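Colleague: Attaching a single structure in structure tokens format; questions to follow.
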Amino acid sequence: MKFVLIHGAFGNPEGNWFPELKSKLEALGQAVVVPQFPIEDYDTLLKKSQNAKIEKMTLANWLITFEREVLSKISKGEKICFIGHSLGCVFILQALEKYKLKLDSAIFVGAFLDCLPTEVWPYTKIIADFGKTDFEFEDFKKRIGDSYVIFSDSDPYVPNRQSRLFGKALDSSMIKLRNAGHMNSEVNLDEFSLVLDLCLTRLDLSYTQKYRFLNRKVGAYEYIYLNPGGGSIALDAKSSSKEGLFHFRDVQKEGFATQFTGFNDIYGSRSDYMKNSRQAAKRMTSFVRVILVEKIEDLKLPEWQDQMRYDLQSGIKIYLCLYNQVRDNAPEPDFGIWDNNHVVIGQFDWKSRKATKVVVDSTVSGLKLALKWRDEIMKKATPVSGISDMEKFIARHQDGKDIK
């Protein structure tokens, strides 16, 4: 995806929230173009007579700059998102009309079409040059995939009705903010998380990309890159519950998870991790949990009976499987596969029975291996629908061999 950021009147690429947005999009591997359009010095211009001519900041000059700095960098068929602020919004429409571009999406912040309630002469002349109301809006609707108009109830320059007219003309999704002014540095808005979040909805990110970005964004905890391709992350054991919170919010359709009775120091039946998993199960189409049993006596503990009861109540399908029957073909006893696009593996020290780290892997090879483990486990797994089924499983395997 290529993002093109268009500043407003008397603006520049280093103003407002543009630098922070550019930095974060580039951190996600996205191309970002932020051209500097010709502008006058505002204070110098204001001292001149109202009959003075605006030489630099004209629609014609901006279109020339657009051709050189933006149009030349757009490839045929490339997915494009335009983001404009203030005057930059109506300029985007001027450019779309002239060059017949097709956009994946557009985000308009503090948008207007033509007139504003100002008597400051530089602005009246600039808006008269750039502004327009008779665009071919029906054509725009066909060439802009999705569009958003963000406006503030306290904008001192752009009345709400102007932004609403802009959004209505494009059938845009409109987002009203409270007390956000003109959504610029005047209100200390040097970082605009809403715009960033809208950008993220346009991206096809892998789970590990999203997770790494979350860490960059909030600085919550350290992470380690395991390979240059960006498909795998290793976290310390203390971070496992936070990773769980993230992926249970992120997962949409299906999940498969094992839980080993020999390692239960961080995944108790009433832990936040398990509570989050059950909340996720309620919206998922399929969630399977296989309890890998190290010793049959483990299942007699109240903890495991509670685990089953809570899981079944939330719609999770429960299976039981003796680990010694599958350990040769599925050596990791604690892992989860989410939406068939990433695997999370809990790694433990067998001697201390303590968690050591969690690996999050969205590489093709890592996922393929985990799916193979899942298939081997399901060949031996027994479905259970209640405590009575667990008791039958215990009775059937009471004399079986445990893991040595």
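Read the figures in this text as sums done on the coordinates, not as results from a lab. Keep in mind it's a predicted model, so treat the numbers as computed, not measured. Virtual Cβ from ideal backbone geometry, glycine too; neighbours counted across all protein chains shown.
Colleague: What full-extension length gain, to one decimal in nm, is calculated for Lys168 and Gln279 as 0.36 nm per residue of separation minus the Cα-Cα distance?
Modeller: Contour length minus the Cα-Cα distance gives 36.2 nm.
Colleague: Compute a Gaussian network model of the chain, connecting alpha carbons closer than 10 Å, and tell me which residue from Tyr310, Tyr319, Tyr42 fluctuates the most.
Modeller: Tyr42
Colleague: On a full-extension model of 0.36 nm per residue, what is the gain between Ser365 and Phe135, subtracting their alpha-carbon distance, rounded to one decimal in nm?
Modeller: The Ser365-Phe135 span can extend by a further 77.7 nm.
Colleague: Next up: For the stretch 1-81, what is the relative contact order in percent, using Cα pairs closer than 8 Å and at least 6 residues apart in sequence?
Modeller: Normalised by residue count, the contact order of the stretch 1-81 is 42 percent.
Colleague: A further question follows. At a Förster radius of 30 Å, what calculated FRET efficiency corresponds to the Cβ-Cβ distance of Tyr123 and Asn179, to the nearest 0.05?
Modeller: With R0 = 30 Å, the Cβ-Cβ based efficiency is 0.80.
Colleague: Efficiency by 1/(1 + (r/R0)^6): what FRET value for Asp339 and Ala52, r their Cβ-Cβ distance, R0 = 56 Å, to the nearest 0.05?
Modeller: For R0 = 56 Å, the calculated efficiency reads 0.40.
Colleague: Among Leu25, Val70, Phe151, which residue has its Cα positioned farthest towards the positive end of the charge dipole of the chain, with +1 placed on the Cβ of Lys and Arg, -1 on the Cβ of Asp and Glu, and the dipole taken about the Cα centre?
Modeller: Ranked along the dipole, the leading option is Leu25.
Colleague: Let me ask something else about it. Charges at C-beta only: +1 for Lys and Arg, -1 for Asp and Glu. How large is the resulting dipole of the stretch 125-201 about its Cα centre, in Debye rounded to 20?
Modeller: 260 debye
Colleague: Arranged by the count of other C-beta atoms within 10 angstrom, fewest first, what order do Ile291, Ile337 take?
Modeller: Taking fewest neighbouring Cβ atoms as first place, the list is Ile337, Ile291.
Colleague: Sticking with this one: Please arrange Val360, Val187 by counting, for each residue, the other beta carbons lying within 10 Å of its beta carbon, fewest first.
Modeller: Listed from fewest to most nearby Cβ atoms, that is Val187, Val360.
Colleague: Let me ask you something else. Report, as a whole number in µm² per second, the diffusion coefficient that Stokes-Einstein gives for the chain at 4 °C and 1.567 mPa s using the Kirkwood radius over alpha carbon pairs.
Modeller: 52 µm²/s
Colleague: What percent antiparallel are the DSSP beta bridges of the chain, to the nearest 5?
Modeller: In the chain, approximately 40 percent of DSSP beta bridges are antiparallel ones.
Colleague: Only helical DSSP H runs with n ≥ 4 go in: add -39500 (n - 2.57) per run for the chain, normalise by residue count and round the 222 nm mean residue ellipticity to 500 deg cm²/dmol.
Modeller: -11000 deg cm²/dmol
Colleague: Hey, got the dipole for the chain? About the Cα centre, +1 on K and R Cβ, -1 on D and E Cβ, debye to the nearest 20?
Modeller: With Lys and Arg at +1 and Asp and Glu at -1, about 840 debye.
Colleague: Ranking Glu55, Glu254, Glu119 by Cβ neighbours within 10 Å, fewest first, what do you get?
Modeller: Glu119, Glu55, Glu254
Colleague: If I take R0 = 25 Å and measure r between the Cβ atoms of Lys253 and Arg327 in this structure, what FRET efficiency does the formula 1/(1 + (r/R0)^6) give, to the nearest 0.05?
Modeller: Taking R0 as 25 Å, the efficiency between Lys253 and Arg327 is 0.30.
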